[in-house]
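Take a look at the structure set out below.
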Amino acid sequence: MSARKISRLLTAIGFLLMLVSLVWWYATHSAVTDFLGGSVWGLGGCLVQAAGVCASVADLVRMYGYPAYSPIVFWAGPVLFVIGFALRRRPVAEAPEKAA
């Protein structure tokens, strides 16, 4: 597989991980705030970290048998996206010329 294809794949996977994590975060945290009252946007920090009230929300979600949101998935997305983007910007080495 060429470096260009790998860079496209990593960029796409990174973008998808960020999108999936956003949907996953919203689904789990909006269900909890609907149940307890309040706004899901008050838990926006839980998108990127798992301490304090975010850990409590995760425990509550697990208690009802659903997979709790993990910010590791969110952080993996930008990392893979940036790596893929950096590989795309890397200069491609030219093939050596054949000696006659």
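Here, each number is a calculation from the coordinates, and none is a lab measurement. Just so it is clear, the structure is predicted and the values come from calculations on it, not from any experiment. With ideal geometry, Cβ positions are generated from the backbone for all residues, glycine too; neighbour counts draw on all protein chains shown.
Rounded to the nearest 10 degrees, the angle from helix 53-63 to the longest Cα principal axis of the chain is 80 degrees.
A Cβ-based charge dipole, computed about the Cα centre of the stretch 3-89 with Lys and Arg at +1 and Asp and Glu at -1, lands at about 680 debye. Estimated from helices alone, the mean residue ellipticity of the chain at 222 nm is -22000 deg cm²/dmol (sum of -39500 (n - 2.57) over DSSP H runs with n ≥ 4, per residue).
What list do you get for 1, 18, 63 if you sort them by fewest beta carbons within 10 Å?
Lowest count first: 1, 63, 18.
Equivalent ellipsoid of the chain: semi-axes from √(5λ) of the C-alpha gyration tensor, largest first, are 42, 11, 10 Å. Take each peptide in 21-34, 65-78, count the other Cβ atoms within 10 Å of every residue, and average; sorted highest first, the result is 21-34, 65-78.
The C-alpha atoms of the chain define a longest principal axis, and helix 71-89 lies at about 20 degrees to it.
Each residue in 54, 46 was given a count of other beta-carbon atoms within 10 angstrom of its own, and listing them fewest first yields 54, 46.
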